[in-house]
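The values are calculated or read from the model by the stated rules, or taken from the named source; none is laboratory data. Keep in mind that this is a model prediction, so the values were computed, not measured. Cβ sites come from the backbone with ideal geometry, for glycine too, and all protein chains shown count toward neighbours.
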Amino acid sequence: MFFKTIDFSKYSSIKVGQPTEVLMIEKGDTIPKDRYLIGGANNLLISHSPPPLMILSKDFASIEEKDNILTIGTAMPTGRIVSYAKKHNIAGFEFCSKLPGTLGGMLAMNAGVKSYEIFNILHSVEIDGKWIKKTEIAHGYRFAKLGGIATAAKFKRINGFDQALFNELLALRSNQPHDPSAGSAFKNPEGDHAGRLIEAVGLKGFRKGDMTWSEVHANFLVNLGDGTFEDAKYLIDLAKQKVLEAFNIELKEEIKIL
Ligand SMILES: Cc1cc2nc3c(=O)[nH]c(=O)nc-3n(C[C@H](O)[C@H](O)[C@H](O)COP(=O)(O)OP(=O)(O)OC[C@H]3O[C@@H](n4cnc5c(N)ncnc54)[C@H](O)[C@@H]3O)c2cc1C
């Protein structure tokens with residue numbers, strides 16, 4: 001293992017943060033227990049004093065196929081998983097297109113689009129060196145209790161990449177903001193949409209510094225250039241407060257604030 005400086009103002013999808021020392025974990029290393037693991041930083045908001053961080057090296061970015069089982073390392077970027085699935089005619093990963101991040105981030109967030117979620121197609125996960133079946137892991141909407149660091153996951157091969165589904169889900173992305181963001185800031189509360197609530201309390205397009213609730217999709221916090229952690233945190237807290245006052249609904253962050 002070794003340290004690498006990552007500039008989060010460039011690396012994170014929302015382009016907030018500063019150069020920070022991150023411990024790079026290589027295959028065979030004992031993974032420290034006192035550091036926070038990041039993936040592609042597509043769902044993170046980094047403060048000025050984040051906890052000690054670590055990241056899995058490209059040693060964990062592999063795809064192997066044997067006996068109709070795919071074993072994928074968790075540092076593998078989602079885009080490369082979709083390309084592999086398309087090239088080898090495998091079904092199930094179509095929704096991962098334009099869902100930025102790594103397999104590890106997807107597993108930890110149970111990331112998904114509409115009714116398609118990574119846990120639907122998952123077989124088992126290697127956590128802290130042990131293979132654990134999906135049925136033994138508590139999971140739900142944008143949540144999975146991995147209880148440790150996932151280094152690889154297995155999926156049963158299903159033949160038939162679904163190009164029509166791929167196109168359909170890709171089209172959904174056209175309604176998404178193009179400015180830097182960390183995806184949805186809040187989880188959708190049961191039976192409602194965080195975006196609708198943010199819009200209803202008048203915050204769609206509301207700006208603080210260079211950070212704003214997107215005009216395109218109100219649940220996306222977007223960085224118009226020099227948005228800061230403070231601007232983002234202010235807008236998150238404001239939305240929570242206003243939605244609580246107006247609807248008595250407690251919005252829960254999907255974005256991880258470090
Ligand atoms: C433009 C845009 C669109 C998006 N659209 C969607 C969408 O449609 N659906 C959706 O679900 N999400 C969406 N997201 C959010 C994001 O893409 C997902 O949450 C993604 O899975 C994050 O992956 P990551 O590797 O970047 O994880 P990070 O943001 O780096 O980390 C997220 C969490 O995963 C944990 N983690 C990462 N790797 C591991 C591991 N190996 N073991 C254990 N824990 C780990 C981290 O500790 C952290 O808690 C979007 C984001 C953006 C910027």
Original post:
Inside segment 174-188, can you point out the residues that are more than 8 Å from the ligand (Cβ to nearest atom) and either closer than 28 Å to SER62 by Cβ or in a strand (DSSP E or B) (or both)?
Top reply: PHE186
**OP:** Could you please let me know if ILE257 is within 25 Å of GLY40 (Cβ to Cβ), surrounded by fewer than 21 Cβ atoms within 10 Å (Cβ to Cβ) and in contact with a Leu (Cβ under 6 Å, 6 or more places away or on another chain)?
**Re:** yes
Subject >> Residue within segment 159-172 that is more than 26 Å from GLY92 (Cα to Cα), in a strand (DSSP E or B), of a type outside the set (Val, Ile, Thr) and more than 16 Å from the ligand (Cβ to nearest atom) present >> reply: no
Original post:
Pairs, please: C-beta under 8 Å, at least 6 apart or cross-chain, first residue in contact (Cβ under 8 Å) with a residue 60 or more places away in the chain and in segment 178-205, second surrounded by fewer than 16 Cβ atoms within 10 Å (Cβ to Cβ) and of a type in the set (Ser, Thr, Tyr)?
Top reply: LYS187/TYR141
**OP:** Could you grab the pairs with beta carbons closer than 7 Å, sequence gap of 6+ or different chains, first residue in segment 1-13 and farther than 24 Å from ILE31 by Cβ, second one modelled with pLDDT of 95 or more and β-branched (Val, Ile, Thr)?
**Re:** SER9/VAL16
**OP:** Select from segment 12-62 the residues that are surrounded by 15 or more Cβ atoms within 10 Å (Cβ to Cβ) and of a type in the set (Val, Ile, Thr) and list them in ascending order.
**Re:** ILE14, VAL16, THR20, VAL22, ILE25, ILE31, ILE38, ILE46, ILE55
Subject >> Single match in ILE6, ILE55, ILE31 (criterion: assigned to a loop (DSSP other than H, G, I, E, B) and of a type in the set (A, V, I, L, M)) >> reply: ILE31
